[in-house]
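Only the coordinates and a few stated rules stand behind these numbers; no lab work does. All of these numbers come straight from a predicted model, not from anything done at the bench. Cβ sites come from the backbone with ideal geometry, for glycine too, and all protein chains shown count toward neighbours.
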Protein chains: 2
Amino acid sequence: MPKAVDHEARRRELAEAVWRVISTDGVHRASVRAVAAESGWSTGSLRHYFPTQDSLLAFAMELLADKARARLQAIDDQDNRTVLRRIAEALLPLTTEHRIEVEVWLALLARAQVDPGLQRAERDNREALLSVLSGVLWRATAHGELSESRNPDLEAVRYLAVIDGMTLACVFYAERISAEVALAAIDRHLDDLLGVPSTLPA
Amino acid sequence: MPKAVDHEARRRELAEAVWRVISTDGVHRASVRAVAAESGWSTGSLRHYFPTQDSLLAFAMELLADKARARLQAIDDQDNRTVLRRIAEALLPLTTEHRIEVEVWLALLARAQVDPGLQRAERDNREALLSVLSGVLWRATAHGELSESRNPDLEAVRYLAVIDGMTLACVFYAERISAEVALAAIDRHLDDLLGVPSTLPA
DNA sequence: GTGATATAAATACGCTTGTACTAATACAGT
DNA sequence: ACTGTATTAGTACAAGCGTATTTATATCAC
């Protein structure tokens, strides 16, 4: 029997090389050769784990979605406001490592627009995110934390929009929008939704 | 004297071909040859107006920024809430034509992340947008429409985030987020900022 | 008409790309 | 130690790329 290699581990290793190439040179430079060189393997070896470039990029994108999902699932149940805050913290690019992930995600997202093979990761992630947010906000309504006059589904869409918009700002406008500003905007938004926490009940 | 051609008009014509190629095939397919074929001109002709591919893409992006700026400047002075609404309408991809512009913009934005030549259009647009929003919100504070407890600059950042986030949702999640939902979220946000307009003053 | 010249088209060069194929390597079971 | 095979490396090929250069075209001043 030949050498035994952990297939999934190798695929992850190669996907991480994809991230590095995209982060520094852009998606359009993420050629099979460039990724192979970045990973330290030959193009022939890479092809054993990913028969085509598309499958390589698609896996790299799905792995990013998995990481985001894992961060979200690690949020333990607390009061609704804290959960909403933690979700924003899990999605916003507050650390350098996460910032790079978001940059790569956005680059792949733009490509997914014209590459059906990349669209699934985006759809699944989005779907999961919105249903989680809706769930929390419906629960908040049931607990009287969110006003009856508000539509929880619409508020979920709007809150996700704030997170996405602040994410864009952090990535493309970093010198103006710091992590502190991003979180301040999130907290201000939660104040509007759920009321200022430290004040007496109205 | 030779044939006289309107240089700027031809450059715009070629830039529009760039938009079409990016919209249907993606930035990575926006080669000089592909754009020339889409425009109906030869690559040699194209090169008379854009010596390099980078200059072609940069001009295509700047032209998009110009169109957005023109839409914003066409908003005539009205009450602050209406102005804020109109700004959102000018930026959100509510029509098919505008939707394509936003798709192309996002594709070029992703590339601008690793291509300094494309970054200026993004910066200028962003800067102008934020200062307009801040101006309106400071005015709203002066008129007592925005609560003194709110920071107009932070609210400008947050409102732009909502617009950007809804824009992303409209483009990448169109079957779930319609134009109506996007505008409903905007109106809800303006309600939070400025109060519900149809009610009696508190 | 004629000629000067901006524009258009065509061709060519060197490079990179995605993918395919072939030969060498190295390790698990006997 | 031997053998078979998963893995790796290396090479090859056709296609597409950005760009340069060279030739042909068409129009305006005279």
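Can you tell me which residue in the stretch A:36-62 is surrounded by the most Cβ atoms within 10 Å (Cβ to Cβ), limited to those that are more than 30 Å from A:ILE163 (Cα to Cα) and either of a type in the set (Phe, Trp, Tyr) or away from DNA strand C (no atom under 16 Å from the Cβ) (or both)? Write out each step before concluding.
Our first condition is that a residue be more than 30 Å from A:ILE163 (Cα to Cα); within the stretch A:36-62, this holds for A:36-53.
When the remaining residues are screened for being either of a type in the set (Phe, Trp, Tyr) or away from DNA strand C (no atom under 16 Å from the Cβ) (or both), the result is A:41, A:49-50.
On the way: A:TRP41: 18, A:TYR49: 18, A:PHE50: 20.
If we take residues in the stretch A:36-62 being more than 30 Å from A:ILE163 (Cα to Cα) and either of a type in the set (Phe, Trp, Tyr) or away from DNA strand C (no atom under 16 Å from the Cβ) (or both), then A:PHE50 is surrounded by the most Cβ atoms within 10 Å (Cβ to Cβ).
Could we say that B:GLY40 is more than 12 Å from DNA strand D (Cβ to nearest atom), farther than 30 Å from B:ALA128 by Cα and not hydrophobic (A, V, I, L, M, F, W, C) here?
On the way: more than 12 Å from DNA strand D (Cβ to nearest atom): yes; farther than 30 Å from B:ALA128 by Cα: yes; not hydrophobic (A, V, I, L, M, F, W, C): yes.
So B:GLY40 passes the test.
Can you name every residue in the stretch B:116-127 that is in contact (Cβ under 8 Å) with a residue 40 or more places away in the chain and under 15 Å from A:ALA169 (Cβ atoms)?
Looking only at the stretch B:116-127, we keep the residues that are in contact (Cβ under 8 Å) with a residue 40 or more places away in the chain, and these are B:117-118, B:120-122, B:124-125.
Across the stretch B:116-127, the qualifying residues are B:GLU122, B:ASN125.
Find the helices (runs of 4 or more DSSP H) located wholly in the stretch A:6-53 whose residues include 1 or more that are within 24 Å of the chain's Cα centre (by Cα), and list them. If you could, list the steps in order and put the result at the bottom.
Values: elements: A:7-25, A:32-39, A:43-49.
Once the helices (runs of 4 or more DSSP H) in the stretch A:6-53 are filtered for at least 1 residues that are within 24 Å of the chain's Cα centre (by Cα), what remains is A:7-25, A:32-39.
Can you tell me which residue is nearest to B:TYR159 (Cα to Cα) among those in the stretch A:152-189 that are more than 19 Å from the chain's Cα centre (by Cα) and part of a loop (DSSP other than H, G, I, E, B)?
Step by step, filter the stretch A:152-189, then rank; the result is A:ARG176.
Is there any pair linking a residue in the stretch A:47-58 that is within 14 Å of chain B (Cβ to nearest Cβ) to one that is within 9 Å of DNA strand C (Cβ to nearest atom), with Cβ under 6 Å and at least six apart or on different chains, and which?
Pairs that qualify, where the first residue is within 14 Å of chain B (Cβ to nearest Cβ) and the partner is within 9 Å of DNA strand C (Cβ to nearest atom), are A:GLN53/A:VAL32.
Let me spell it out: the conditions are (1) within 15 Å of DNA strand C (Cβ to nearest atom); (2) surrounded by 12 or more Cβ atoms within 10 Å (Cβ to Cβ), and A:ASP6 meets all of them except one. Which number is the exception?
(2)
Can you name every residue in the stretch B:125-151 that is within 12 Å of another protein chain (Cβ to nearest Cβ) and either in a helix (DSSP H, G or I) or touching an Asp or Glu at 6+ places or on another chain (Cβ under 7 Å) (or both)? If you could, list the steps in order and put the result at the bottom.
We begin by selecting, within the stretch B:125-151, every residue within 12 Å of another protein chain (Cβ to nearest Cβ); these are B:125-127, B:129-131, B:134, B:147, B:149-151.
Those that are within 12 Å of another protein chain (Cβ to nearest Cβ) and either in a helix (DSSP H, G or I) or touching an Asp or Glu at 6+ places or on another chain (Cβ under 7 Å) (or both): B:ASN125, B:ARG126, B:GLU127, B:LEU129, B:LEU130, B:SER131, B:SER134.
Are any residues in the stretch B:1-37 hydroxyl-bearing (Ser, Thr, Tyr) and near DNA strand D (Cβ under 9 Å from one of its atoms), and if so, which ones?
Kept after step one, since they are hydroxyl-bearing (Ser, Thr, Tyr), are these residues of the stretch B:1-37: B:23-24, B:31.
Scanning the stretch B:1-37 gives a single hit, B:SER31.
Which ones in the stretch A:63-115 are free of Cβ contacts under 8 Å to residues at least 60 places away in the same chain, buried (at least 17 other Cβ atoms within 10 Å of the Cβ) and within 13 Å of the chain's Cα centre (by Cα)?
Hits for the stretch A:63-115 are A:LEU63, A:LEU64, A:ALA68, A:ALA90, A:HIS98, A:TRP105, A:LEU109.
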